[in-house]
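Each reported figure results from applying straightforward, stated rules to the coordinates on display, with no laboratory input. Here the structure is a predicted model, which is why all the values come from computation and not from measurement. Cβ placement follows ideal geometry from the backbone for every residue including glycine, while neighbour counts extend to all protein chains displayed.
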Amino acid sequence: MNQPTADDIALVTKAYEFSEVAHKDHQRKSGEPYFVHLVETAKILAELGMGPKTIAAGLLHDSIEDVGVTPQTIEKEFGTEILNLVEGVTKLGTLKYQGMTRHTESLRKLFVAMSQDIRVVIIKLSDRLHNMRTLQHVSPEKQRRIALETLEIYAPVAERLGMGRLKGELEDLAFPYVYPQEYEEVKKLLKQKNTENVEHLEKFSRSLKKEFAKQGITTFEMDYRIKRLYSLFRKLERKGWDIDKIHDLSALRIIVPTVGDCYKILGVIHSNWRPLPGKIKDYIAFKKPNGYQSLHTTIFTGDGGILEIQIRTREMHYEAEFGIASHLSYKHMPEEERTPKETSNLLWIKSLLPSITALKRQLAARNAPPELKLKERSIIPSAPEWVKELAETQLNVSQSEEFLNTLKTDFFSHRIFVFTPQGDVVDLPINSTPIDFAYAIHSDIGDHVAGAKVNGKMTALDTELKNGDIVEILTKTGSAPTTKWLDMAKTSLARRHIQSYLNKHQGA
Ligand code: MN
């Protein structure tokens with residue numbers, strides 16, 4: 001289990017106390033002590049399974065920007081790593097969404113930060129989630145701007161990082177502010193369908209359980225999810241607002257111990273209920289670019305109903321909910337302990353972070369207006385390679401909006417982020433392999449690849465990497481590229497190096 005050390009607890013406690021003092025005269029629009037926002041952000045980070053440094057940075061994330069704590073103080077008290085996180089978050093916050101041009105700019109900044117330290121993005125997403133949960137307190141104009149920015153930037157970033165739960169919550173919180181009429185409409189439609197849906201689901205899951213019992217399948221969990229409002233809205237738009245064309249309003253979810261069990265369950269279902277053609281999706285053999293894995297099928301339930309069923313392991317489920325955060329949270333644990341527990345990290349942190357009611361009492365409103373000392377911030381240093389590539393794309397596209405679309409579709413659907421064991425981020429096209437990774441680090445490493453570990457396990461060199469993988473390349477002086485490597489490499493960079501090595505050493 002992920003037990004906190006005495007140092008971990010001391011660090012979070014210190015950040016908590018520091019932040020409480022720093023923000024003591026600082027209030028939110030709602031009149032609440034500002035400190036509440038910091039504790040809530042830290043709690044969200046804890047729920048995501050983030051470690052003590054990230055949680056500490058979460059507690060401190062507004063202290064430079066809002067109450068004028070100097071970077072030097074943060075560094076002296078908490079060290080360079082936490083200062084970098086806090087400054088990263090501060091930088092992400094400097095640009096507000098105002099029209100397209102500013103928009104693309106802040107999108108790019110987000111990307112830059114992401115490639116420097118992914119934890120900055122996770123803190124920023126948690127910060128945004130709490131701001132969205134409390135958006136009712138700001139002016140209508142600001143509500144719309146922030147909600148739109150959430151839909152356009154934050155939710156897609158969360159999705160790209162595989163953080164399904166956070167993405168879903170962000171979208172549903174933003175939805176009523178950006179599309180108020182549509183929101184009401186979707187809510188009404190869903191409500192009408194829901195009761196009949198849930199009855200249907202319960203009836204079907206009883207028959208399914210009987211069938212499982214007959215087959216001797218006893219280890220499984222079953223529940224269902226109702227489609228989220230914003231996601232339903234997007235689908236309604238695609239289907240001409242005909243709700244009867246949407247078959248995944250509710251979906252049955254079956255969680256089993258192993259991948260083998262997933263296919264076994266699918267077999268049992270398909271041999272008893274007829275699946276809809278074209279609706280069987282094997283995201284286990286072919287995972288989505290953001291790492292999502294599951295088997296999906298849609299079946300005729302036999303009483304006129306149609307139902308989507310999702311089958312996955314516990315680990316796949318955890319990853320679908322938390323994405324990249326799940327890798328950060330248990331990557332240092334030994335293999336046999338990698339049974340992710342949603343709450344392992346949360347429990348100890350919760351004991352440190354008092355409840356909000358207690359907090360409010362403790363911080364009984366103070367009247368002095370906060371003194372804001374905004375510092376000038378340096379611009380982000382050198383942009384990584386792919387940002388420059390994006391900037392070049394921009395030259396060919398005249399309109400900003402078009403650029404934004406290119407950016408969104410291209411970037412989000414074709415790139416993955418993987419990590420070195422030291423936590424450096426390497427971005428690669430999807431379907432990249434350890435060979436591509438090795439050459440992206442250094443051509444000399446590429447030329448001497450002897451093996452690769454992905455998430456601590458020895459892996460074949462043609463394995464497709466996925467978002468959040470931690471990749472370690474093993475090299476040997478005697479190892480050298482072969483023609484087979486050309487097939488394994490997906491990036492032109494790797495191919496070019498392999499080809500040039502082969503040309504040189506085949507004495508052609
Ligand atoms: Mn904040």
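Packing-based ranking of 206-212, 264-270 yields 264-270, 206-212, ordered from highest to lowest mean Cβ neighbour count within 10 Å. Working note: Karplus 6.51/-1.76/1.60 with θ = phi - 60° gives region 67-77 the couplings 10, x, 5, 7, x, 4, 5, 4, 5, 5, 7 Hz, where Gly and Pro are set to x. Given a cut-off of 19 Å, name the pairs among 281/490; 43/76; 14/43; 191/235; 287/490; 43/227 whose C-alpha atoms lie farther apart than that in the structure shown. Beyond 19 Å between Cα atoms: 281/490; 43/76; 43/227. Distance between the 7 Å Cα→Cβ label points at residue 133 and residue 218: 4.0 nm. For region 413-505, the equivalent ellipsoid built from the Cα gyration tensor has semi-axes of 20, 14, 11 Å, listed from largest to smallest.
Compared with the alpha-carbon gap, the fully stretched path from residue 144 to residue 6 is longer by 45.3 nm at 0.36 nm per residue. If you take the alpha carbon atoms of region 243-329 and fit the smallest convex hull around them, that volume is 106 Å³ per residue.
Our coupling estimate for region 243-252, obtained by passing each phi through the Karplus curve with A = 6.51, B = -1.76, C = 1.60 and θ = phi - 60°, is 5, 6, 8, 9, 9, 10, 4, 10, 9, 8 Hz, Gly and Pro reported as x. Modelled this way, with points 7 Å down the Cα-to-C-beta line, the labels at residue 420 and residue 17 are 3.7 nm from one another.
Whole-percent P(r), region 264-308, all Cα pairs, 5 Å bins from 0: 5, 22, 27, 22, 13, 7, 3, 0. Highest-first packing order for the peptide set 280-291, 215-226 is 280-291, 215-226, based on the mean count of other beta carbon atoms within 10 Å.
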